[in-house]
Each structure stands twice: as C-alpha cells, then as structure tokens.
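Encoded as structure tokens, the structure appears first; notes follow it.
The values are calculated or read from the model by the stated rules, or taken from the named source; none is laboratory data. Everything quoted here is computed from the prediction, not taken from an experiment. All Cβ positions, glycine included, derive from the backbone under ideal geometry; neighbour counts span all protein chains shown. Heavy atoms of the whole protein, side chains included, go into the accessibility calculation; ligands, DNA and RNA do not. Shrake-Rupley method; radii C 1.70, N 1.55, O 1.52, S 1.80 Å.
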Amino acid sequence: MLLRVGSRGSRLALIQAELAASRLRRDGVEIALVPITTAGDRDRSRPFGEIGSRGVFVKEIEEALLAGRIDVAVHSAKDMTSTDAEGLSVGAYVVREDPRDALCGVSELRPGMRIGTASVRRRAELLALEPGLSVEPLRGNVETRLRKRRERGLDAVVLAACGLDRLGLGDEIGRRFEPDEMLPEAGQGALALQVRAGEEELVATVDDAETRRRVEAERTCVFALGGGCLAPVAAFHDGRTLTALVAAEDGSWVERRTGEHPAEVAEALLRFVSA
C-alpha cells in the first residue's frame, strides 16, 4: 500500500513529515512525501490576519486531502484551526516535544530591546513581561527569521523551541520561556496527522493518547473562546491542569484562568475576549 503524505514544503515541515513517515512505515506500506504550498507560504510579507483567518498554513493541504490527492496530512498542531474541517479527522498525534517559546539572540529581556515576531500572541505576552520592548513584525521560515534578525540588527526573535530542536538549531536558543512566563499556542510542540473521516486506522498505530488528551483540551478551549477572535489567545495543558489566556495586543492586560474542564476555563475568560 502506498501512503501519500502531504505537508508544507519548508525544510522544517519536511523534517516533520519524515518524522511522521518513519513511524508509519511498516511491511507492506510505502510512503511518498508530497510538498504543498499554502497561502501562508506564498505571502510572506503581510500579517497573518490580512491573509485570512486562522489556518493559513493548512487550508490547501486539507483541500488536497479531501480531493484524494494525498492520504495523510502532517501539520504542526498549532497551525490548525480549533475544530476539524468537515470530512476530516485528526487520526493521530505524535508524541509531543518541547511546547515552549524560545528567545533567540539573548537570554533575558531588557527595556529598549527590539524583538521580532509575527505572532500577536507572542507580541502581547512579550510586552506584558517587559513593556519597554519594541516588538517588530517578522515573517518567514525559521532559518529566514534567524537570518533577518542579524540583517535587521534585532536583539532577538521568538520562535517555537520544538522547531529549532527539530532543525538542529537548539544552540540558537538563549532562553526557553516556561509556560508561567509565556503560555504557548494551543498544540505547540505536537504534530497532528490528519486523514479523511472514517480512515483513522491509517495512522492509529502512531497516536499518543496523552498528547491527544492535552492537545484536544487546548483546542477545545480555544474553540470555546472563539477560535479566530482578534484578541491574542493561548491554551496549554501540563498534564494536570489546563491554563488559558487572553490578552490585549499591546500587553496592557493579560487574563489567565486554570482548571480541569476546557469549557469552564474558556467561560471564565469569555468576557475579556468580547471586551
């Protein structure tokens, strides 16, 4: 049997696709990797919110899956919308790696520093930690953002630690923010293997139940908060409890709530989202 595995075409995405493929390979199963360009890949200058709603790195891959051009889609779970597209299902989550955000270039934040990130969530959380920062928009793949930091004279950039680790660039990290400092994006650090509904058995053998439990709680919470709402949102389950966050884009206020049930945690924050 041939399994066509689709993913974005960046070096990190292909490394992640091969990571998933290595777990899916077995006697009688061949793997073909299929790179797919997404809207987020084509437009590398505009902020994500101007390109479209959440999911700018997954829409074209999901369309290929629905059309039967691929059999399995490999996504960074943090790039996915908070609910599955109609007709599709996450058949497996690979064991989660480091979910934290990483500061590259320096080991601590100080007033006046110029920090690059394209994420409104990271911008808000950075400014909440140190209001004297200058946070500047920065798009591109991991290697591009590291290069642009040097070219533009930025003090640091903030990236997902897991991506740097997978690329062998862990030495670029000056500090890994603990979740009580910067709450990660829902699903950060996890790979999601998406299939057509009813074909979950194609990937079921690689599903990690604990990663699924945590990531699904995070995604459920973000969905209850409105998913694509304009306010920066985050959710992270540490294995014991779920913590969610909403914030002002300028970091002037941040609200966190912790609990066991995603709906209850989200309900406690909803009034801040609509404020």
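Key figures
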quantity: Part-to-part distance (alpha-carbon centres) for segment 256-270 and segment 179-251, which is given in Å; calculated: 14 Å
quantity: Segment 198-249, dipole about Cα centre (Lys/Arg Cβ +1, Asp/Glu Cβ -1), debye to the nearest 20; calculated: 320 debye
quantity: The chain, dipole about Cα centre (Lys/Arg Cβ +1, Asp/Glu Cβ -1), debye to the nearest 20; calculated: 820 debye
quantity: Modelled FRET efficiency - R0 35 Å, Arg271 with Leu2, Cβ distances, 0.05 increments; calculated: 0.10
quantity: Segment 165-253: trypsin sites (Lys or Arg not before Pro) in DSSP loop, at most 10 other beta carbons within 10 Å; calculated: Arg240
quantity: Residue-averaged 222 nm ellipticity for the chain, from DSSP H runs of 4+ at -39500 (n - 2.57), nearest 500; calculated: -9000 deg cm²/dmol
quantity: Cα-based shape type of segment 147-275, given that a ≥ b ≥ c are square roots of the gyration tensor eigenvalues and the cut on a/c is 1.5; calculated: oblate
quantity: Expected-Rg normalisation [2.2 N^0.38 Å, Cα atoms] applied to the chain; calculated: 0.98
quantity: Length-normalised contact order for segment 112-242 - Cα pairs under 8 Å, 6+ apart - percent; calculated: 24 percent
quantity: Environment charge at Glu18 (Cβ cut-off 12 Å; Lys +1, Arg +1, Asp -1, Glu -1); calculated: +4
quantity: Local electrostatic count, Ile173, Cβ distance below 11 Å [Lys/Arg +1, Asp/Glu -1]; calculated: -2
quantity: Per residue, in Å², the accessible surface of segment 72-158 once ligands and nucleic acids are set aside, probe 1.4 Å; calculated: 38 Å²
quantity: Potential lengthening between Arg25 and Ser134 on full extension [0.36 nm per residue; Cα-Cα distance subtracted]; calculated: 34.6 nm
quantity: Relative contact order (%) - the chain, alpha-carbon pairs under 8 angstrom, separation at least six; calculated: 21 percent
quantity: Accessible area per residue, Å², segment 190-275 with all protein chains present, probe 1.4 Å; calculated: 46 Å²
